[in-house]
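Below: one structure, written as structure tokens.
The values are calculated or read from the model by the stated rules, or taken from the named source; none is laboratory data. All values reported here derive from a predicted model rather than from experimental measurement. Cβ coordinates were reconstructed from backbone atoms using ideal geometry, including for glycine residues, and neighbour counts include every protein chain displayed.
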Amino acid sequence: MNETEPGLPIGILAELTHRCTLQCAYCSNPLELLKADRELGTAEWISIFEQAADLGILQVHLSGGEPTLRRDLPDLVAALARRGVYSNLITAGVGVDGPTVERLAAAGLDHVQLSFQGARSETTELIGRLRGAHERKLAAARAVREAGLPLTVNAPIHRRNIDEVELFIELALDLGAERLEIANVQYYGWALLNRAALMPPREAVERQIEIVEAARAALRGVLAIDFVAPDYYARYPKACMGGWARDAFMITPDGTAMPCHAASTIPHLVFDNAARTPLEAIWRRSPAFEAYRGTAWMKDPCRSCDRREIDFGGCRCQAMALAGDPAATDPACSLSPLHGRVLQLAEGDAASEVETFRYRRIGAAAEPA
Ligand code: SF4
Ligand code: SF4
């Protein structure tokens, strides 16, 4: 148990569905995808969003899977708008046409984040495994701008598209995006399964950083560029979710409330369901939220490190995946005794000749490689 009362959350990532038109091999959804019949209904989500507003939550990210596959999405957006909660749609854009965007804008949607699997059409098709996906995304981006909504282009980066970073910047400018998020993929879930086919070599990462830094300086005031560095080559880890159960959390399509995307990979954690337990009780008292909140749970080197309230020891799920101990220092940290091993893993994967993906779909993770 933590000795201090938690502050209030400011954001929720609502994974409305695991259904998706694409099959990205780095998808952050769990390997065991939920079918449509496990999804919460409209009234359940609206109740959760009402409670979120009561709790003072400022923003809800509507994600998936592909959230626009939910026919009730405009109703959910409207429920947030009524309570003055900022709504951000995170979409792959396939199937998002002008009328869809107009309906969402009329319901009160505030912002759209649209992901591109590649800056080139062939890359998008290879990674997302859908012919014609790129052109449909371009059309969706134009519809977003025509509806007057602000647009962020998301570019998840890995070995197969790291040489397209300059093109991603051009694409974001062409589309009139306000923001571009260049995010190196995080290796858990599907990305961990496909790590050997996705890990970039260190030289490509260094070149990418140079390109991003130069573009940030040149495009100041024109395009904001966020950059998420690749963990395995980093010196220090990121504060995952801004710190475990510190200011944001996520809810899966069936209502499971978790501190982060991959928390279900930590075997001893038991999660509450937001359709059955009040949100405030989950936030304040869920044992899974309490488990790694704050700093009291830390072991050395985190416990005595002066960065412990900056990165909160990094990612618990990565510690589980790489160290077999969710309370260990994230092995992505250069102070972790396992960091050298992580670098070896990264370099081995980057040099591997694995080219085939295990694409994200129900049952695929259990099939032989
Ligand atoms: S990462 Fe790809 S497969 Fe996963 S939800 Fe997004 S578009 Fe769909
Ligand atoms: S030792 Fe822990 S707190 Fe310190 S930088 Fe590494 S992960 Fe962060």
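At-a-glance table
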{"read-out": "From 319, 281, residue being surrounded by 18 or more Cβ atoms within 10 Å (Cβ to Cβ) and away from ligand 1 (no atom under 16 Å from the Cβ)", "value": "319"}
{"read-out": "Candidate set from segment 120-130 (those that are part of a loop (DSSP other than H, G, I, E, B) and closer than 23 Å to residue 170 by Cβ); member that is nearest to ligand 1 (Cβ to nearest atom)", "value": "130"}
{"read-out": "Residue count, segment 189-241 (criterion: under 20 Å from residue 151 (Cα atoms) and in contact with a strand residue (DSSP E or B) (Cβ under 8 Å, 6 or more places away or on another chain))", "value": "10"}
{"read-out": "Every residue from segment 5-35 that is surrounded by 17 or more Cβ atoms within 10 Å (Cβ to Cβ), more than 21 Å from residue 356 (Cβ to Cβ) and out of contact with any Asp or Glu (no Cβ under 9 Å at 6 or more places or on another chain)", "value": "12, 13, 14, 15, 30"}
{"read-out": "Options 63, 87; residue that is within 13 Å of ligand 1 (Cβ to nearest atom), surrounded by 19 or more Cβ atoms within 10 Å (Cβ to Cβ), at pLDDT 95 or above and under 30 Å from residue 284 (Cβ atoms)", "value": "63"}
{"read-out": "Lone unmet requirement of (1) touching a Gly at 6+ places or on another chain (Cβ under 8 Å); (2) over 24 Å from residue 159 (Cα atoms); (3) at pLDDT below 95 for residue 298", "value": "(3)"}
{"read-out": "Residue check for residue 314: buried (at least 16 other Cβ atoms within 10 Å of the Cβ), at positive phi and either in contact (Cβ under 8 Å) with a residue 60 or more places away in the chain or more than 15 Å from ligand 2 (Cβ to nearest atom) (or both)", "value": "yes"}
{"read-out": "Criterion: basic (Lys, Arg) and within 24 Å of residue 230 (Cα to Cα) - qualifying residue of 316, 285, 361", "value": "316"}
{"read-out": "From the options 277, 252, 265, residue that is in contact with a strand residue (DSSP E or B) (Cβ under 6 Å, 6 or more places away or on another chain), away from ligand 2 (no atom under 16 Å from the Cβ) and hydroxyl-bearing (Ser, Thr, Tyr)", "value": "252"}
{"read-out": "Tally, over segment 151-187, of residues that are outside any helix (DSSP H, G or I) and not β-branched (Val, Ile, Thr)", "value": "19"}
{"read-out": "Some residue of segment 32-39 being assigned to a helix (DSSP H, G or I), within 16 Å of ligand 1 (Cβ to nearest atom) and modelled with pLDDT under 95", "value": "yes"}
{"read-out": "Considering residues of segment 6-63 that are among the acidic types (Asp, Glu) and more than 15 Å from residue 261 (Cβ to Cβ) only, the residue farthest from ligand 2 (Cβ to nearest atom)", "value": "37"}
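Listed here are the residues, each with its yes/no results for (1) touching a Ser or Thr at 6+ places or on another chain (Cβ under 8 Å); (2) within 16 Å of ligand 1 (Cβ to nearest atom); (3) farther than 30 Å from residue 19 by Cβ.
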site	(1), (2), (3)
224	no, no, yes
232	no, no, yes
235	yes, no, yes
239	no, no, yes
258	yes, no, no
267	no, no, no
289	no, no, no
294	yes, no, yes
297	no, no, yes
